[in-house]
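Some notes on the structure that comes next.
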Amino acid sequence: MYSTSYLLLQATIAVAIGDALGVPVQFSDRQTLLKNPITQMTGYGDFNVPKGTWSDDTSLTLATLASLSNGFNLNDMMMRYRQWYDFGDYTPFGESFDIGETTKNAIERYKHGVPPEKCGGDQEYDNGNGTLMRVMPLAFYLLSQFPTYKFNQQVAKICEQFSSLTHRHPRSIIATAVLVNVTTTVILSPNKYAMLKSIREVLDYYENIPVFNEEIKYFDQMDNPTHYRKQSAEVQSSGYIIDTLNSVFWCLMNSEKYVSAVKKAVNLGNDADTIASITSMLGSLLYAPVSFPPEWIEPLRGRIHINWNVAMALQTPYF
């Protein structure tokens with residue numbers, strides 16, 4: 001295992017790279033990208049921002065990292081999400097954009113006095129991927145706090161509280177726990193098959209809890225080898241939380257290198273920024289050490305913000 005300082009910085013930059021690659025083509029369809037695939041940073045597109053600009057995926061990751069640098073405090077975390085939403089903190093240019101509806105509604109509830117653990121949407125239509133995009137710092141935090149990390153009731157409770165800030169439906173809570181456990185696993189054991197095993201660990205845990213057991217069927221293909229033999233045309237790359245996880249894991253299982261996994265992710269189209277961001281993050285850990293292509297890293301905006309937040313986190317006992 002590489003040092004925490006190396007992996008945390010690499011993973012945070014990887015979040016931003018995948019995010020920035022996907023932002024200009026976030027709503028592009030698969031056929032368009034097949035004809036003109038994304039291989040380097042581009043600019044403008046639907047959000048009219050310069051190339052290398054990252055969006056909510058990276059901003060929420062940085063806000064989470066900054067909050068966890070002071071310990072696990074739900075009020076502090078929601079306050080930082082509000083600062084991003086209202087004032088453009090944790091952004092390259094001081095302005096937030098591309099906020100998901102469920103996350104936006106959760107922040108609005110918090111502003112009106114709702115306790116942070118009750119702010120998240122809990123309806124069927126609230127199962128977007130907004131909770132997944134900010135997971136990475138939590139995995140590193142858990143490893144620092146539990147040196148003999150194992151997915152158990154204590155870890156599950158933290159994942160539930162974390163997800164419930166914005167996404168409180170049982171399906172989103174399970175999905176958050178899956179990605180947390182996968183991320184910790186690839187930090188400790190960068191192996192694709194350990195990654196698949198870690199998915200099943202979480203599903204087995206929730207299978208015996210009544211409020212969650214009806215949701216398990218939505219996740220079954222994630223550790224099924226048949227899913228990973230699908231052609232790209234069969235992979236759904238929407239912002240629905242299940243589609244996002246299926247897309248990310250498909251890209252990783254069908255690639256042997258970091259760069260190829262990220263290219264697959266961004267060129268799936270649709271919710272390209274979040275799928276590429278999570279794939280890039282996990283790929284950077286799975287294939288560590290990685291060398292980011294110059295044409296990806298050099299145009300990346302806001303690197304000083306990324307470096308500063310990581311440096312501050314590493315000076316605390318929480319990372």
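Contact order for the chain, expressed relative to its length and based on alpha carbon pairs under 8 Å spaced 6+ residues apart, stands at 29 percent.
Rg and Dmax of the stretch 241-299, both derived from C-alpha coordinates alone, stand at 10.8, 33 Å. Relative contact order of the stretch 161-319, taken over Cα pairs closer than 8 Å and 6 or more residues apart, is 18 percent. Counting only Cβ charges, +1 for Lys and Arg and -1 for Asp and Glu, the dipole size of the stretch 1-113 around its Cα centre is about 140 debye.
The HN-Hα couplings worked out from phi for the stretch 112-119 by the Karplus form 6.51 cos²θ - 1.76 cosθ + 1.60 (θ = phi - 60°) are 9, x, 6, x, x, 6, 10, 6 Hz, whole numbers, x standing for Gly and Pro.
For Tyr258, the accessible surface of its heavy atoms amounts to roughly 10 Å² (probe 1.4 Å, protein chains only, rounded to the nearest 10). So, how do all the Cα-to-Cα distances of the chain break down into 20 Å bins, in percent, from 0 on up? Pairs per bin, as whole percents: 36, 61, 3.
The mean of 1/r over all pairs of different alpha-carbon atoms in the stretch 82-149, once inverted, gives a Kirkwood hydrodynamic radius of 13.8 Å.
Between Asn191 and Asn70, the simple spin-label model (points 7 angstrom out along Cα→Cβ) gives 4.0 nm.
Computed from phi, the 3J(HN,Hα) profile of the stretch 46-56 under the Karplus parametrisation 6.51, -1.76, 1.60 (θ = phi - 60°) reads 5, 9, 6, 10, x, 4, x, 8, 9, 10, 4 Hz, with x in place of Gly and Pro.
The Cα-based radius of gyration of the stretch 175-298, divided by its Kirkwood radius, gives an Rg/Rh of 0.97.
Dimensions of the stretch 1-93 from C-alpha coordinates, computed as largest minus smallest value along each principal axis and given longest first, are 47, 38, 21 Å.
Test of understanding: what is the full-extension gain from Met253 to Gln153, defined as 0.36 nm times their sequence separation minus their Cα-Cα distance?
Numbers: separation 100, 0.36 × 100 = 36.00 nm, distance 2.85 nm.
Full extension from Met253 to Gln153 adds 33.1 nm.
Its relative contact order, with pairs defined as Cα atoms under 8 Å and 6+ residues apart, puts the stretch 1-113 at 20 percent. In the chain, the DSSP-assigned H stretches of four residues or longer account for a calculated mean residue ellipticity at 222 nm of -17000 deg cm²/dmol, using -39500 (n - 2.57) per stretch and the full residue count as denominator.
The values are calculated or read from the model by the stated rules, or taken from the named source; none is laboratory data. Keep in mind it's a predicted model, so treat the numbers as computed, not measured. No Cβ is skipped: glycine too gets one built from the backbone with ideal geometry, and neighbour counts run over all protein chains shown. Please note that ligands, DNA and RNA were not included when accessible areas were found on the heavy atoms of the full protein model with its side chains. Shrake-Rupley method; radii C 1.70, N 1.55, O 1.52, S 1.80 Å.
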